[in-house]
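Visitor: Below are the structure tokens for one structure; questions will follow.
The values are calculated or read from the model by the stated rules, or taken from the named source; none is laboratory data. The structure presented is a predicted model; accordingly, all values stated were derived computationally and were not measured. Ideal geometry is used to build each Cβ from the backbone, glycine not excepted, and the neighbour counts take in all protein chains shown.
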Amino acid sequence: MPRPLATKTVVDAVTDDLRGRILDGSLTSAAAVTELEIATSYSVARPTAKAAIEKLVGENLLVRGTHKSARVAELGPDSVREIYLARAYLESEILRRLAAGRTVPEEAARANAELLALASAGDLAIVEPDMRFHTALVEAAGNGRIARMYRSLVSEVRLCMMRVQSLHLLDSTAIHAEHQLILDHLAAGNSEAAAATLDAHLATARERLADAVGVGAGHELAVTAHPRPHRLAP
């Protein structure tokens, strides 16, 4: 039978496209993100543009001071460490609980296999399966409130992942191997080993990105990408 499709509002469509431009580096902190520019670029009303900007401010992808236009948030060493530590607190405890039941989420295993298959497609290609791997672990806990807490970090987490991969800070084969080790520990019921492997996995990315951002302090670390037109999909 036909699969129902979710209805997307114009605000959501504009927000999704702006988010994509931030994550792929085509929209940086060099330019102000104004209601007028967004309304003009996407042929939408000013209130729609304002709502989209506010949603991305809420996701911490845009920042806006009093009486100032919004700009893309810049990642500094402290921000990177806070984002990764927040992830570690949530994900480590979830792995302990999954390991206690020897639960290996099928979606996490599929995502890790896809990550390896995409290794030859370039560093940025593995961001999506990497994100799905970690999200699948969180969702396997079956706790809606924890899942919502994690989703509140997702945009910042994805931004960090894009920066890590665009700067070639981690090898995809090593990422896959560490993911697989986590899954093996879950299957064996080794809760502390699973949590420790995750902590080390995240710490490597955290410190390499924090160091890279620190070296480039005051300059946007942009993802190399082809510019894309500012329009909504039909």
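Visitor: THR103 - would you say it is out of contact with any helix residue (DSSP H, G or I) (no Cβ under 6 Å at 6 or more places or on another chain), β-branched (Val, Ile, Thr) and at pLDDT below 95? Don't jump to the end; show me each part of the working.
Guide: Values: out of contact with any helix residue (DSSP H, G or I) (no Cβ under 6 Å at 6 or more places or on another chain): yes; β-branched (Val, Ile, Thr): yes; at pLDDT below 95: no.
Against the criterion (out of contact with any helix residue (DSSP H, G or I) (no Cβ under 6 Å at 6 or more places or on another chain), β-branched (Val, Ile, Thr) and at pLDDT below 95), THR103 does not qualify.
Visitor: Report whether or not GLU91 is under 25 Å from THR9 (Cβ atoms) and among the acidic types (Asp, Glu).
Guide: On the way: under 25 Å from THR9 (Cβ atoms): no; among the acidic types (Asp, Glu): yes.
Taking the combined requirement at face value, the residue does not satisfy it.
Visitor: Continuing with the same structure: It is to be established whether one or more residues within segment 34-41 are within 24 Å of MET149 (Cα to Cα), of a type outside the set (Val, Ile, Thr), free of Cβ contacts under 8 Å to residues at least 24 places away in the same chain and out of contact with any Leu (no Cβ under 6 Å at 6 or more places or on another chain).
Guide: no
Visitor: Would you check if HIS176 is closer than 27 Å to ILE22 by Cα, surrounded by 14 or more Cβ atoms within 10 Å (Cβ to Cβ) and at pLDDT 95 or above?
Guide: It is true that HIS176 is closer than 27 Å to ILE22 by Cα, surrounded by 14 or more Cβ atoms within 10 Å (Cβ to Cβ) and at pLDDT 95 or above.
Visitor: Further question on the same structure: Among the listed residues ALA86, ALA100, ALA113, ALA108, identify the single one that is closer than 21 Å to ALA177 by Cβ and surrounded by fewer than 17 Cβ atoms within 10 Å (Cβ to Cβ).
Guide: Residue meeting the stated conditions: ALA113.
Visitor: For the structure I just gave you, tell me whether THR204 is at pLDDT 90 or above and either under 20 Å from the mean Cα position of the chain (by Cα) or farther than 25 Å from ALA113 by Cβ (or both).
Guide: For THR204, the condition - at pLDDT 90 or above and either under 20 Å from the mean Cα position of the chain (by Cα) or farther than 25 Å from ALA113 by Cβ (or both) - is met.
Visitor: Quick check: anything in segment 70-86 of a type in the set (Val, Ile, Thr) and more than 19 Å from CYS160 (Cα to Cα)? Quick ask: steps written out before the conclusion?
Guide: Filtering segment 70-86 down to residues of a type in the set (Val, Ile, Thr) leaves 72, 80, 83.
Those still in the list that are more than 19 Å from CYS160 (Cα to Cα) too: none.
Looking through segment 70-86, none of the residues is of a type in the set (Val, Ile, Thr) and more than 19 Å from CYS160 (Cα to Cα).
Visitor: When you look at ILE146, is it touching a residue at least 40 places away in the same chain (Cβ under 8 Å), of a type in the set (Val, Ile, Thr) and in contact with a Ser or Thr (Cβ under 7 Å, 6 or more places away or on another chain), yes or no?
Guide: Numbers: touching a residue at least 40 places away in the same chain (Cβ under 8 Å): yes; of a type in the set (Val, Ile, Thr): yes; in contact with a Ser or Thr (Cβ under 7 Å, 6 or more places away or on another chain): no.
Taking the combined requirement at face value, the residue does not satisfy it.
Visitor: Could you list all residues from segment 133-145 that are surrounded by fewer than 17 Cβ atoms within 10 Å (Cβ to Cβ) and in a helix (DSSP H, G or I)?
Guide: Matches in segment 133-145: GLY144, ARG145.
Visitor: Restricting to segment 112-126, name every residue that is under 24 Å from ASP184 (Cα atoms) and touching a residue at least 60 places away in the same chain (Cβ under 8 Å).
Guide: ASN112, LEU115, LEU116
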